[in-house]
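Trainee: A single structure is presented below for examination.
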Amino acid sequence: MPHLTLEVSKHLPIADETELLLKLNTALYQSGQFKHSKDIKSRLYRTDGYLIGFGNDGTHQDGEHFVVAHLCILKGRSDEIKAKLVGCVMATLQNYISPHVAGVQYAVNLTELADVYQKAIV
């Protein structure tokens, strides 16, 4: 645990997706909330079908790209710790992407896994 899933608009230029995921995993690990780095699983999906507002004229102008991060963690952390984890993901995303692309819409959501969540390493 945790799981981090990024939904990214199809044409958002990201220089190196693996490097971005590594930076996110590193930031989460350095938060001190996760015992082993291998407990952190991240993935990035590009969204083919999407619409922002009423659409555009085919160009990709400011505000026409998005990144939505879904962070799933086990229950038991305080609201303060959860806010720090969300802030950590938000800052890492913005620091990596914003210097190269203006007007990206960012969102980070945190959910807690159900009590019946199971994990196995076989």
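The values are calculated or read from the model by the stated rules, or taken from the named source; none is laboratory data. Just so you know, these numbers come straight off a predicted model, no measurement behind them. Every residue, glycine among them, receives a Cβ derived from its backbone with ideal geometry; neighbour counts consider all protein chains shown. The area values use the complete protein model at the heavy-atom level, side chains included, leaving out ligands, DNA and RNA. Shrake-Rupley method; radii C 1.70, N 1.55, O 1.52, S 1.80 Å.
Trainee: Being assigned to a loop (DSSP other than H, G, I, E, B), surrounded by 10 or more Cβ atoms within 10 Å (Cβ to Cβ) and under 18 Å from the mean Cα position of the chain (by Cα) is the filter here; which residues of the stretch 34-54 pass it?
Mentor: Phe34, Ile40, Tyr50, listed by residue number.
Trainee: So in the stretch 8-37, with the set limited to residues that are closer than 18 Å to Leu85 by Cβ and among the charged types (D, E, K, R), which one is modelled with the highest pLDDT?
Mentor: The selected residue is Lys23.
Trainee: Within the stretch 79-95, is there a residue that is within 27 Å of Ile121 (Cα to Cα) and either in contact with a Lys or Arg (Cβ under 9 Å, 6 or more places away or on another chain) or at pLDDT below 95 (or both)?
Mentor: yes
Trainee: Oh, and also: Of all the residues that make up the stretch 96-119, how many are at pLDDT below 90 and touching a strand residue (DSSP E or B) at 6+ places or on another chain (Cβ under 6 Å)?
Mentor: Number satisfying all stated conditions: 1.
Trainee: Here is a further query. Just one of the numbered conditions (1) open to solvent by 30 Å² or more (accessible area, probe 1.4 Å); (2) among the β-branched types (Val, Ile, Thr); (3) part of a strand (DSSP E or B) is not true of Thr26; which one?
Mentor: All conditions are met except number (3).
Trainee: Just wondering, is there one or more residues in the stretch 103-111 that are open to solvent by 70 Å² or more (accessible area, probe 1.4 Å), more than 16 Å from Glu7 (Cβ to Cβ) and of a type outside the set (Gly, Ala, Ser)?
Mentor: Among the residues of the stretch 103-111, not one is open to solvent by 70 Å² or more (accessible area, probe 1.4 Å), more than 16 Å from Glu7 (Cβ to Cβ) and of a type outside the set (Gly, Ala, Ser), which makes the answer no.
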